[in-house]
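> Dropping the structure in here first, questions after.
The values are calculated or read from the model by the stated rules, or taken from the named source; none is laboratory data. Just so we're clear, the structure is a prediction, and the values are computed from it rather than from any experiment. A quick note on method: Cβ atoms are made from the backbone with ideal geometry, for glycine too, and the neighbour counts reach across all protein chains shown.
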Amino acid sequence: MADAMVCERRLSQAIGDAHKINDVSADGNQNHESGFEEYLYEYSNERISFANDRFDYDDVITACIGHGSFGTVFKGFDHKSSKEVAIKKMYTVHVKPEELKTMQQVKNDHLVALIDICDEQKGVTHLVMELCDIDLDCHLREHAPHGNLTPSELILVMDNITRGYYALYERHIVHRDIKPQNILLVYHPYSHDIHQAKITDFGVSRMLTEDEQPMLNNVAGTLYYMAPEVGANLLTLSGYDHSADMWSIGCVFYQCLVGEMPFDERALCRIFLYCAGENYEAYDLPDIPENTPTEIHKLIASMLDINRATRANPVQLLAALKSLNSENDNTTPT
């Protein structure tokens, strides 16, 4: 109890520091990219056009479809393809051009396509992406009666997220902010049945070099989906890599299965403290329903391992999902 109280005080102070750091957006030399701060945006109430008038959107609250990492997302239009698109407006200081261009080249059915990157307006960069129907968070809140997915939806979403993430892993990209809000869904026509899931929002993603892993050690992401080794940086220096995304994906899978997040703030405080002190034995897995299929239970438990060295990695996750899909195919009536 005393450890938890100490951790909560230190975490509260660290979050306060992150607020102050993120308020200074001009120099770009910040060590926190936490997303803890409330994102405030002032709409210009104007029509914005760029890329030789290929893309446009209305900078008004009714056209806003969400807020991502360091940016606001609008529904816009691509006059070349005659399709609606999602346009994320970001301050250029938060953009890593080389990494975004690499992500633009990563093609996968389960990653939201990054169509174009435009920085014509001084200090502002627009990311143009394909438009989907809804994010997973909204779907769970608005269209899932118990806040969780049906068994068939769960397998589909787990499979799609895994395959999309593996494409990032092959390019040495760490997403750093995987959460239900950053999983977009495509519905079947005329229903709310899930057809496809796609990972989006690469605003705080980073690329790793093969000879320097793990090289990341700053705080990034969203608290309730933040890996222990990432949160431990609020207390000490702790390196991380793709294993941090495995934890976040495990949290998403857990929420899709159970209908609630696996950890509250107090539990996370203890987890960060245990990780910072390498006191892994003190950690307890969140409760997983007894009626959960064995393979899904084992998979989620392996992803929520506090020790990143023994946590499931992307290769193991992909293999497990292929095996799970194979088992489901064999048990499906013909």
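> Among the residues of region 69-85, which ones are under 17 Å from the mean Cα position of the chain (by Cα) and either exposed (fewer than 15 other Cβ atoms within 10 Å of the Cβ) or closer than 15 Å to Cys132 by Cα (or both)?
The answer is Val73, and nothing else.
> Consider only pairs whose beta carbons are under 6 Å apart and that are at least six residues apart or on different chains; among these, list those whose first residue lies in region 169-183 and is within 21 Å of Gln255 (Cα to Cα) and in contact (Cβ under 8 Å) with a residue 40 or more places away in the chain and whose second residue is assigned to a strand (DSSP E or B) and charged (D, E, K, R).
The qualifying pairs are Gln181/Asp135.
> If you scan region 295-334, which residues turn out to be more than 21 Å from the chain's Cα centre (by Cα), polar (S, T, N, Q) and modelled with pLDDT of 95 or more?
Residue satisfying the conditions is Thr310 alone.
> Shifting gears a bit: Examine region 110-128 for a residue that is among the basic types (Lys, Arg) and closer than 30 Å to Ser326 by Cβ, and state whether such a residue exists. So that I can check it myself, show each step before the final result.
Pass one, region 110-128, residues among the basic types (Lys, Arg): 122.
Among the residues that remain, those that are also closer than 30 Å to Ser326 by Cβ are: none.
No.
> Tell me yes or no: at least one residue of region 113-126 is free of Cβ contacts under 8 Å to residues at least 24 places away in the same chain, closer than 30 Å to Gln316 by Cβ and hydrophobic (A, V, I, L, M, F, W, C).
Scanning region 113-126 turns up at least one residue that is free of Cβ contacts under 8 Å to residues at least 24 places away in the same chain, closer than 30 Å to Gln316 by Cβ and hydrophobic (A, V, I, L, M, F, W, C).
> Of these, Thr150, Thr209, which one is of a type in the set (Ser, Thr, Tyr) and closer than 26 Å to Glu295 by Cα?
Thr150
> Tell me which residues, restricted to region 150-163, are touching a His at 6+ places or on another chain (Cβ under 9 Å), of a type outside the set (Val, Ile, Thr) and buried (at least 23 other Cβ atoms within 10 Å of the Cβ).
Asn160
> Moving on. So, in region 122-132, of the ones that are touching a helix residue (DSSP H, G or I) at 6+ places or on another chain (Cβ under 9 Å) and part of a loop (DSSP other than H, G, I, E, B), which residue ends up surrounded by the fewest Cβ atoms within 10 Å (Cβ to Cβ)?
Lys122
> Name every residue in region 133-167 that is aliphatic (A, V, I, L, M), out of contact with any helix residue (DSSP H, G or I) (no Cβ under 8 Å at 6 or more places or on another chain) and part of a helix (DSSP H, G or I), in order of residue number.
Selection gives Leu156, Ala167.
> Failed condition for His188, given (1) within 28 Å of Lys89 (Cα to Cα); (2) touching a His at 6+ places or on another chain (Cβ under 7 Å); (3) of a type outside the set (Ser, Thr, Tyr); (4) modelled with pLDDT of 90 or more, with all others met?
(1)
> Identify all residues within region 216-262 that are under 21 Å from His139 (Cα atoms), free of Cβ contacts under 8 Å to residues at least 60 places away in the same chain and surrounded by fewer than 20 Cβ atoms within 10 Å (Cβ to Cβ); write none if there are none.
Tyr224, Met261
> Which residues, counting only those in region 69-82, are in a strand (DSSP E or B) and modelled with pLDDT of 95 or more? Walk me through it before giving the result.
In the first step, residues of region 69-82 are kept if they are in a strand (DSSP E or B); the result is 71-78.
Hits for region 69-82 are Phe74, Lys75, Gly76, Phe77, Asp78.
> Now for a different question. Please determine, by comparing only the residues of region 299-328 that are of a type in the set (D, E, K, R) and surrounded by fewer than 19 Cβ atoms within 10 Å (Cβ to Cβ), which one is nearest to Tyr225 (Cα to Cα).
Of everything passing the filter in region 299-328, Lys322 is nearest to Tyr225 (Cα to Cα).
> Okay, moving on. Could you list, in sequence order, the residues of region 144-158 that are out of contact with any Lys or Arg (no Cβ under 8 Å at 6 or more places or on another chain) and within 15 Å of Pro180 (Cα to Cα)? Give the steps one after another, and end with the answer.
Start the filter on region 144-158 by keeping residues that are out of contact with any Lys or Arg (no Cβ under 8 Å at 6 or more places or on another chain), which leaves 144-146, 148-158.
If the condition is that a residue be out of contact with any Lys or Arg (no Cβ under 8 Å at 6 or more places or on another chain) and within 15 Å of Pro180 (Cα to Cα), then Ala144, Asn148, Leu149, Glu153, Leu154, Leu156, Val157, Met158 are the ones that fit.
> Same structure, new question: For region 43-68: of the residues being among the hydroxyl-bearing types (Ser, Thr, Tyr) and in a loop (DSSP other than H, G, I, E, B), which is nearest to the chain's Cα centre (by Cα)?
Keep residues of region 43-68 that are among the hydroxyl-bearing types (Ser, Thr, Tyr), which gives 43-44, 49, 57, 62.
Next, only the ones that are in a loop (DSSP other than H, G, I, E, B) stay: 43-44.
Details: Tyr43: 25, Ser44: 28 Å.
Filtering first and then ranking leaves Tyr43.
> So, Lys101, is that one among the charged types (D, E, K, R), free of Cβ contacts under 8 Å to residues at least 40 places away in the same chain and either in contact with a strand residue (DSSP E or B) (Cβ under 8 Å, 6 or more places away or on another chain) or assigned to a loop (DSSP other than H, G, I, E, B) (or both) or not?
yes
> Another question, then. With respect to the numbered conditions (1) free of Cβ contacts under 8 Å to residues at least 24 places away in the same chain; (2) of a type in the set (D, E, K, R); (3) under 24 Å from Tyr165 (Cα atoms), which one is the sole condition not fulfilled by Glu142?
Answer for Glu142: the failing condition is (3).
> Scan region 158-172 and give yes if some residue there is among the aliphatic types (A, V, I, L, M) and farther than 30 Å from Tyr91 by Cβ, otherwise no.
Yes; the residues of region 158-172 include at least one that is among the aliphatic types (A, V, I, L, M) and farther than 30 Å from Tyr91 by Cβ.
> Could you go through region 220-241 and let me know if any residue there is more than 11 Å from the chain's Cα centre (by Cα), in a strand (DSSP E or B) and at pLDDT 90 or above.
no
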